[in-house]
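Below is one structure, written out as C-alpha cells, with a few remarks after it.
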Amino acid sequence: MSMPVPVLDQLWVYLSASPLLHLLVTLLAFMGASYLNRLLGGTPFLHPVVLTIALIIAFLTLTDTDYATYFEGAQFIHFLLGPATVALAIPLYDYRERVRRLLVPILLSCVAGIVTAVTSAVGGAMLMGASRETVLTLSPKSVTSPIAMGIAEKLGGIPSLAAGLVLITGSLGCALGPVIFRLVRVRDPSVQGFTMGLAAHGFGTAYSFSSIGAAAGAFAGLAMGLTGLLTAFILPPLVHLFGL
Amino acid sequence: MPLIAGMSVLLGCQFLGEILVHGLQLPVPGPVVGMVVLLVGLMINGRVPKGLRTSGEGLLRYLTLLFVPAGVGVMVHFDLIKADFWPIIVTLVVSTALTLAVTAKVMSWLTRSIPKDPRDECREERP
C-alpha cells in the first residue's frame with residue numbers, strides 16, 4: 001500500500017511488520033462485526049465470526065498483506081484455542097449427569113451424523129463431477145481442522161484445502177443451524193448443541209455457547225470431540241465403499 | 001492468583017495432552033486429549049475450583065473470536081477452491097444441511113422418552 005506522505009509510508013511499513021497491528025485489527029473487526037450483527041437483529045446469516053473473517057480478508061486484500069504476516073499478530077489469539085478446548089471439560093463436568101443419562105443416544109446419533117456427513121459429501125461431490133482429490137478432501141469436512149487435515153492426508157486428499165473446507169463448513173453450519181432446527185422442529189438445547197458440534201465442529205460449539213446456552217455448549221463440545229475421534233475410524237472404510 | 005492458577009491448570013492439561021498424543025501416536029490433537037485429562041481430574045476432585053471456572057468460562061465466552069485467525073486462513077485456499085467451485089459449494093451446503101437435520105432428528109427421537117432438564121426450558125434460541 002502506498003501513501004502520499006513518505007513519513008506515513010514509513011510508519012505503515014513499521015506497523016504492518018509488527019504483530020500489534022493485526023492483533024488490533026482482529027479485535028476491532030470482531031467488535032465491529034458483533035455490533036453490526038446486533039444492529040441487524042442477530043441474523044444467523046451474518047454470524048459475527050463469518051462477518052469478522054470477511055472484514056479481515058477484505059482488509060488484508062486492500063492492504064496487500066499475506067496471511068503469514070497477518071498470522072504473526074493473530075497467533076496470540078489463535079494460541080488461546082488450545083486452553084479453550086481443554087476448558088470444554090468444565091461445562092461437560094457440570095452436565096455430567098445428563099451426559100451419562102444420554103450416553104447411548106449420544107453415541108448412536110454421533111454415528112448417524114458422521115455417516116450422513118461423509119456419504120452426502122462424498123456422494124454429492126462425485127455426482128457434481130469433482131476431481132477424486134477434491135472428493136477425498138471434502139470427506140472429513142465436519143471434523144475439527146487438525147483431525148480433518150490428518151484424515152485427508154491419510155486418504156490422499158489435500159490437507160491445507162481440507163482445513164479451508166472445514167472452516168467454510170463451520171460458517172455454513174452456524175448460518176444453516178437455526179433454519180434447520182426450525183424446519184425439523186427440534187427445540188431441546190442439548191440436541192441443538194450436540195448437532196451443531198457434530199456438523200460444524202468448533203464454530204458450532206462457539207455458536208452454541210454464544211447463541212443457545214451453556215448446556216448446548218457442553219453438548220456441542222462433547223459432539224466435536226467425539227465426532228473427531230469416531231470419524232478417524234469410520235471414514236476410511238466408508239470412503240472405500242464409494243470405490244475411492 | 002486464582003486466575004493464574006486456573007490458567008496454569010488449563011495449560012498443564014494441554015501439555016499433558018500433547019505428551020500423550022506424541023508418546024502414544026494418537027490420531028487426535030493434544031488439546032482434545034487435554035480436555036479428557038481435565039475431565040478425569042475434575043471427576044476425581046469432585047468440584048471445579050473457582051479460579052479454574054473463572055478462567056475457563058472466560059475463554060469459552062469468547063470462543064468465536066478464537067476461531068477468527070484460523071478462519072482468515074481460507075484466503076490462502078481461494079485458488080484451490082476456485083478450481084472446483086460449484087461442486088465444493090453445493091456439496092458443502094447440502095451436506096451440512098442434511099447432517100444438521102439427520103443428527104437433530106435422530107437424537108431427539110432417541111431421547112424422546114428421557115425427561116428433559118427443566119433448567120433448559122427457559123432458554124430459547126434467539127430469533
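For this structure, a couple of remarks:
- Apart from one condition, B:VAL40 fits all of (1) more than 7 Å from chain A (Cβ to nearest Cβ); (2) over 29 Å from B:VAL9 (Cα atoms); the exception is (2).
- Within the set A:THR43, A:THR26, the sole residue that is among the hydroxyl-bearing types (Ser, Thr, Tyr) and under 11 Å from B:VAL72 (Cβ atoms) turns out to be A:THR26.
- Of the criteria (1) more than 13 Å from the chain's Cα centre (by Cα); (2) on the phi < 0 side of the Ramachandran plot, which one A:LEU198 fails: (1)
- Here A:ARG98 meets each of (1) in contact with a Ser or Thr (Cβ under 6 Å, 6 or more places away or on another chain); (2) at pLDDT below 90 with one exception, condition (1).
- Within the stretch A:214-240, being more than 25 Å from B:LEU26 (Cα to Cα) and over 18 Å from the mean Cα position of the chain (by Cα) holds for A:ALA214, A:ALA215.
Okay, residues lined up against (1) in contact (Cβ under 8 Å) with a residue 60 or more places away in the chain; (2) surrounded by fewer than 20 Cβ atoms within 10 Å (Cβ to Cβ); (3) charged (D, E, K, R); (4) facing chain A (nearest Cβ under 7 Å):
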residue: B:TYR62; (1), (2), (3), (4): no, yes, no, no
residue: B:PHE67; (1), (2), (3), (4): no, no, no, yes
residue: B:VAL72; (1), (2), (3), (4): no, no, no, yes
residue: B:ALA83; (1), (2), (3), (4): no, yes, no, no
residue: B:VAL93; (1), (2), (3), (4): no, yes, no, yes
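- The residue list A:ALA54, A:ALA58, A:ALA84, A:ALA33 contains one member that is in contact with a Ser or Thr (Cβ under 7 Å, 6 or more places away or on another chain), in a helix (DSSP H, G or I) and small (Gly, Ala, Ser), which is A:ALA33.
- The residue of the stretch B:80-127 that is modelled with the lowest pLDDT, among those that are charged (D, E, K, R) and outside any loop (DSSP other than H, G, I, E, B), is B:GLU121.
- The stretch A:127-244 holds helices (runs of 4 or more DSSP H) entirely within its bounds, and those carrying 3 or more residues that are of a type in the set (Gly, Ala, Ser) and either more than 8 Å from chain B (Cβ to nearest Cβ) or under 18 Å from B:ALA104 (Cβ atoms) (or both) map to A:159-183, A:189-207, A:214-241.
- If the condition is being over 17 Å from A:GLY177 (Cα atoms), in contact with a helix residue (DSSP H, G or I) (Cβ under 8 Å, 6 or more places away or on another chain) and of a type outside the set (Val, Ile, Thr), then the stretch A:32-53 contributes A:GLY32, A:ALA33, A:SER34, A:LEU36, A:LEU40.
- Residue within the stretch A:75-83 that is more than 7 Å from every other protein chain (Cβ to nearest Cβ) and small (Gly, Ala, Ser) present: no
- Qualifying residue in the stretch A:54-64 (condition: facing chain B (nearest Cβ under 9 Å), surrounded by fewer than 18 Cβ atoms within 10 Å (Cβ to Cβ) and not hydroxyl-bearing (Ser, Thr, Tyr)): no
The values are calculated or read from the model by the stated rules, or taken from the named source; none is laboratory data. Here the structure is a predicted model, which is why all the values come from computation and not from measurement. For neighbour counting, all protein chains shown are included, and Cβ atoms are generated from backbone atoms with ideal geometry for every residue, glycine included.
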